[in-house]
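Structure, as structure tokens:
The values are calculated or read from the model by the stated rules, or taken from the named source; none is laboratory data. Note that the structure is predicted; figures quoted are calculated from it, not measured. Cβ placement follows ideal geometry from the backbone for every residue including glycine, while neighbour counts extend to all protein chains displayed. Heads up: the accessible areas ignore ligands, DNA and RNA and are worked out on the full protein's heavy atoms, side chains in. Shrake-Rupley method; radii C 1.70, N 1.55, O 1.52, S 1.80 Å.
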Amino acid sequence: MNDAYFWPILMLVGLMAGIFTGYPVAFVLAGIGLIFAFLGDVPVLFLSLGVSRIYSGILTNWLLIAIPLFVFMGLMLERSGVAQRLLRSLASVFRGLPGGYAFAVAIIGVVMAASTGIIGASVVLMGMMALPTMLKNGYDARISTGLIASSGTLGILIPPSIMLIVLGDQMRVSVGDLFMGAVGPGLLLGGLYLAYLIFVAIFQPHRMPAAPAEDNTEPLWRVAFALIRDLLAPIALIAAVLGTIVTGIATPTESAAIGAAGAMLLALLSGKLSLSVFADALRDTTKTTAMIIFVMIGATIFSVIFRKLGGDQMIVDAFALHGDNPYAVLLTIMLLVFVLGFFLEWVEITLVVVPIVAPIVAGLDFGMTPEQTLIWFAIALSVNLQTSFLTPPFGYALFYLRGIAPEGVSISTIYRGIIPFVVLQLLALTMVVLWPQITLWLPAYLSN
Amino acid sequence: ESFDLQSVFGLQVPSIGPSPMKWAERVKLMTGGEVEINVHGAGDFVPPFEVFGAVSSGAIPMGFDWIGYWAETIPVANLIGSMPFGPSPDVALAWMFEGGGLEIIQKAYDPHGVKVIPCHLVVPEAGGWFNKEINTVEDFKGLNMRIAGLGGKTLAKLGANTQLVPAGEIFVSLETGRIDATEFSAPQLDLGFGFQKVVKNYYFPGWHQPSSWDSIIINMDVWNGFSEDTQNIMVEACKANIAYNLGDQLNAQAEAIATIREAGVNVRRFPDEVLMGIREQAEAVLTEEAGKDPIFKEAYESLTAYMDRVGEWERLQAIPHK
Amino acid sequence: MTRFLDRLQSACIWPGRIVGWLVLPLILSVCLTVLAAQLGINMLAEWGEPAPLFGKALTVNTLLDLQWHIFALIVLFGGVYAFRDNSHVAVDVFSSGLPPRVKLALRIFGDLVFLLPFCVVIAWYGYGFAEKAFISSEGSTYGGMIDRWMIKAMIPVAFALLGLCALLRALATALELAGASSKHDGTAQ
Ligand code: NA
Ligand code: NA
């Protein structure tokens, strides 16, 4: 092994150890960074860069204002009972069936994904809305948490998506094409989750028991009517969020405020919004936003010192690829991104890896135009990066879910619950790689 | 001896990306391998807007920038970064190194402990992407446009709603019509953003930035630690860099414009009376800014006097167009 | 003593309890930005005397600046609040099975070794960072908010509060640990 890798590897080991003490991840990231700055003899003045990174990279990043807005929107939907009602009536459509609630959650996951572009907020919202009910109804905690974490992560793939915006910027391909290209794979993933749920419902019905009998007495027409009624408010909200983006009234970030205002209006109309409920929601918005952003703050401190001690060179060397079979090169890249995804955040991977591999991939011959190749590669990469939210030990979706899960749901339950869904994501990734048409048909169809 | 340098650009960005690496190679070659500079891309140590502060404090010894980035801290940077109806590249070059420009600018950098070496002369930008035609200055009224700096202030005077959309959202915003127009850079860079897919009109000239400077900035203590020879080598390496990059940029623009035209975009010029109307507002903006900062004022007066003086040479030499 | 430490910690989080209300002006200001874009106006209001933070006019770019200013306040002071309420994400796979005393000791270790130095570094350099912005009177150059030093100064303030909280909690935990062990010694005799 190369001597130059001594500090970066030791740093990763130290990070693992620190995380497992059970101390908050954000502070372990920053703390380990500083400890190694000291051990690795980094000039003290270099640490001042931490402040610059926090201020310019995070606090002034206007795109991130969408996070408190989406969190607040989620809380309003939850406190007003709008979301629960939708969930309940969706679930009662599948009444009498094992897994009814789970189907409802997967469907809502796709719908939510189409209205938000960031991951934290949708996992948190789904977790607060659905998890307590699923557990109360006797659902297996592993499948419940796995489903919520993974369907909540769909938001980063299905447009609008901050990740696709950053990727488009890095790879210099049209963000519009990426948005369109991601629709097929996003729906594919949603479909795979549903297929898996059906499989579990048939072969292991005890893990997802049917709703109790008294809920099953209403005639079907009334259930259908209730569903339509309960769908109206959320659909109006999604229409407002997506509609203002599509018609050019708002940017994706601005649309978050429209959603927040709309959700507040719904909550007011529901009559459940007392001043104390409202004040509570505002306080929770503060804490949840801070929880999400502080992980980014910790990571930015860790990564600058990781770089200073040669960590980026280690990653670059790992990509010193060779071989003339284009698929072998692609496989190596995907494998490395998958492995990096265990430890790093998608932003880090995108910023470090993409500039190195994009030119390599653009030069390979997969029987497509260079532009098609890049769009297809970017989407495959996004599916892969999406997995990084779910893979332990650093799966941000898992952290967020743990942050709001009821007492008694430990992180190890969540770690185990996520396994089948990660397998499904790898399956989706394989399909996206093998059949580029899954990605390319919609952009091609729309441009004609 | 080796030093870290961080650029405000990604190293893979065409032209401005590799520029500091080419400078570092030259310095290494000319010092016989004695001074080695490790070039890092945007965000490696600090986000782009923090490079100046980091060099100033000494946390990073060197940086590579677009001078206009530092306008919030050094007002004159706004003028050097992009001066509406400012000098063409050759006049900018003459003023900077032979006409006393560099001495004036360095005065603004001194209080921050930073040495500035202009190192990459940027050719004129495009006038911008517009989803409707611009026939009179009235057409700017109510136009939602992404344009920064003094050019933005100028158009605001004409009633445009000028705003800073982050780079990542420009494309979507144009595509959906949330903004009606944007300027970004020269054709070579604009091409990469894919604006040609969603906007029909690509206007010239880049009145808001007929030329611009990128520079190497070095912490003053680090600079003073170099021998006089090394200091001279660094300046000469920048001059070589400027010559190389001017040729390279011109070469790339023609190609980029051809590609943009092939995508079905109308490549056109603003009518002359529109340009005269903008110019009037631009001069008002520049005079206002000059009133706020003495070094800005000194540089503005020196540069306009210089443009007037060499202007005669250009007029004498002008050959009618074919 | 423990109650006194608790009360001090509660004092540290009061800014965090207030900043949540800023979500409302945040929503309002984004909606205003969208409206202004629809109407094609940039200047919303103008007045004679320069006001702190806002300068002499309210433009669309002022609103954009205001939005991230609010975001920054929510993150910084919300972070202190979330710390007091144990809302920051942690991985409890291994630690959940440990004996309570070891868990308390690990918490002191984390507070003093991971968090405190981090807060000290950021508060220290954050002070210089804000001071520099003050001296060069850094502000928007595109008609947005002026007085960048004010928002920059919130970084050292928030991290000083966070560090203070960490120190107080480490003290309280140490007292708890000492109390528990003396009781433990007592029953063993
Ligand atoms: Na989405
Ligand atoms: Na992961």
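Cβ separations smaller than 7 Å between residues 6+ apart or across chains give the following pairs from region A:385-409 residues that are among the charged types (D, E, K, R) to residues that are more than 16 Å from ligand 1 (Cβ to nearest atom): A:Arg402/A:Ile411; A:Arg402/A:Ile414; A:Arg402/C:Val89.
Residue-wise test of (1) surrounded by 23 or more Cβ atoms within 10 Å (Cβ to Cβ); (2) within 16 Å of ligand 1 (Cβ to nearest atom); (3) within 11 Å of chain C (Cβ to nearest Cβ); (4) not β-branched (Val, Ile, Thr).
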| position | (1), (2), (3), (4) |
| --- | --- |
| A:Asn384 | yes, no, no, yes |
| A:Ser388 | yes, no, no, yes |
| A:Phe399 | yes, no, yes, yes |
| A:Tyr415 | no, no, yes, yes |
| A:Ile418 | yes, no, no, no |
| A:Leu434 | no, no, no, yes |
| A:Tyr445 | no, no, no, yes |
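Checking the structure you have, find out if any residue of region A:53-63 is at the interface with another protein chain (Cβ under 9 Å from one of its Cβ atoms) and at pLDDT below 80. Yes, region A:53-63 has at least one match.
Output yes when any residue across region C:43-52 is buried (at least 17 other Cβ atoms within 10 Å of the Cβ) and either closer than 23 Å to A:Trp62 by Cα or in contact (Cβ under 8 Å) with a residue 24 or more places away in the chain (or both), and no when none is. No, there is no match, as no residue in region C:43-52 is buried (at least 17 other Cβ atoms within 10 Å of the Cβ) and either closer than 23 Å to A:Trp62 by Cα or in contact (Cβ under 8 Å) with a residue 24 or more places away in the chain (or both). Does region A:137-190 hold any residues that are within 16 Å of ligand 2 (Cβ to nearest atom) and over 12 Å from the mean Cα position of the chain (by Cα), and which are they? Within region A:137-190, A:Thr145, A:Gly146 meet the criteria.
Being within 11 Å of another protein chain (Cβ to nearest Cβ) and in a helix (DSSP H, G or I) is the requirement here; does C:Leu76 meet it? Yes; evaluated as a whole, the condition is true for this residue.
Of the listed requirements (1) open to solvent by 10 Å² or more (accessible area, probe 1.4 Å); (2) under 22 Å from the mean Cα position of the chain (by Cα), C:Val75 misses just one: (1).
For region C:99-127, the candidate set comprises residues that are over 18 Å from the mean Cα position of the chain (by Cα) and at the interface with chain A (Cβ under 8 Å from one of its Cβ atoms); within that set, the residue that is nearest to A:Ser410 (Cα to Cα) is C:Lys103. What residue, among those in region B:111-138 that are part of a helix (DSSP H, G or I) and touching a residue at least 60 places away in the same chain (Cβ under 8 Å), is farthest from C:Lys132 (Cα to Cα)? Once the filter is applied, the top-ranked residue is B:Val137. Here is a check on your reading of the model: is B:Pro20 open to solvent by less than 50 Å² (accessible area, probe 1.4 Å) and out of contact with any strand residue (DSSP E or B) (no Cβ under 9 Å at 6 or more places or on another chain)? No; evaluated as a whole, the condition is false for this residue. The criterion of at least 3 residues that are open to solvent by less than 10 Å² (accessible area, probe 1.4 Å), under 22 Å from A:Leu398 (Cβ atoms) and among the hydrophobic types (A, V, I, L, M, F, W, C) is met by the following helices (runs of 4 or more DSSP H) wholly inside region A:16-113: A:25-39, A:66-79, A:100-113. For region A:40-57, check the following and say yes or no: at least one residue is under 22 Å from the mean Cα position of the chain (by Cα) and closer than 26 Å to A:Leu242 by Cβ. No, every residue in region A:40-57 fails to be under 22 Å from the mean Cα position of the chain (by Cα) and closer than 26 Å to A:Leu242 by Cβ. Can you find even one residue in region C:142-152 that is free of Cβ contacts under 8 Å to residues at least 24 places away in the same chain, under 30 Å from C:His69 (Cα atoms) and either assigned to a helix (DSSP H, G or I) or open to solvent by 10 Å² or more (accessible area, probe 1.4 Å) (or both)? Checking region C:142-152: at least one residue is free of Cβ contacts under 8 Å to residues at least 24 places away in the same chain, under 30 Å from C:His69 (Cα atoms) and either assigned to a helix (DSSP H, G or I) or open to solvent by 10 Å² or more (accessible area, probe 1.4 Å) (or both). Only one of the listed residues (C:Thr59, C:Thr33) is in contact with a helix residue (DSSP H, G or I) (Cβ under 7 Å, 6 or more places away or on another chain) and hydroxyl-bearing (Ser, Thr, Tyr). That residue is C:Thr33.
When the test is whether a residue is open to solvent by 20 Å² or more (accessible area, probe 1.4 Å) and away from every other protein chain (no Cβ under 12 Å), A:Gly271 passes it.
For region B:1-103, the strands (runs of 3 or more DSSP E) that sit wholly inside it and include 2 or more residues that are more than 18 Å from the chain's Cα centre (by Cα) are B:2-7, B:36-40. The listed residues are B:Leu189, B:Leu150, B:Leu158, and the only one of them that is within 14 Å of chain C (Cβ to nearest Cβ) and within 27 Å of A:Thr60 (Cβ to Cβ) turns out to be B:Leu150.
I'm told A:Pro392 meets every condition in (1) within 14 Å of chain C (Cβ to nearest Cβ); (2) within 23 Å of A:Ser161 (Cα to Cα); (3) open to solvent by less than 30 Å² (accessible area, probe 1.4 Å) except one. Can you identify the failing condition by its number? Only one criterion in (1) within 14 Å of chain C (Cβ to nearest Cβ); (2) within 23 Å of A:Ser161 (Cα to Cα); (3) open to solvent by less than 30 Å² (accessible area, probe 1.4 Å) is unmet by A:Pro392, namely (3).
Scanning region C:18-42 for residues that are open to solvent by 20 Å² or more (accessible area, probe 1.4 Å), of a type in the set (S, T, N, Q) and in a helix (DSSP H, G or I) yields a count of 1.
Among the residues examined, B:Leu189 qualifies as open to solvent by 20 Å² or more (accessible area, probe 1.4 Å) and not charged (D, E, K, R). Listed by first and then second residue, the pairs linking a residue in region A:120-147 that is acidic (Asp, Glu) to a residue that is surrounded by fewer than 24 Cβ atoms within 10 Å (Cβ to Cβ) and not in a helix (DSSP H, G or I), with Cβ atoms under 9 Å apart and 6 or more places separating them unless they lie on different chains, are A:Asp140/A:Gln204.
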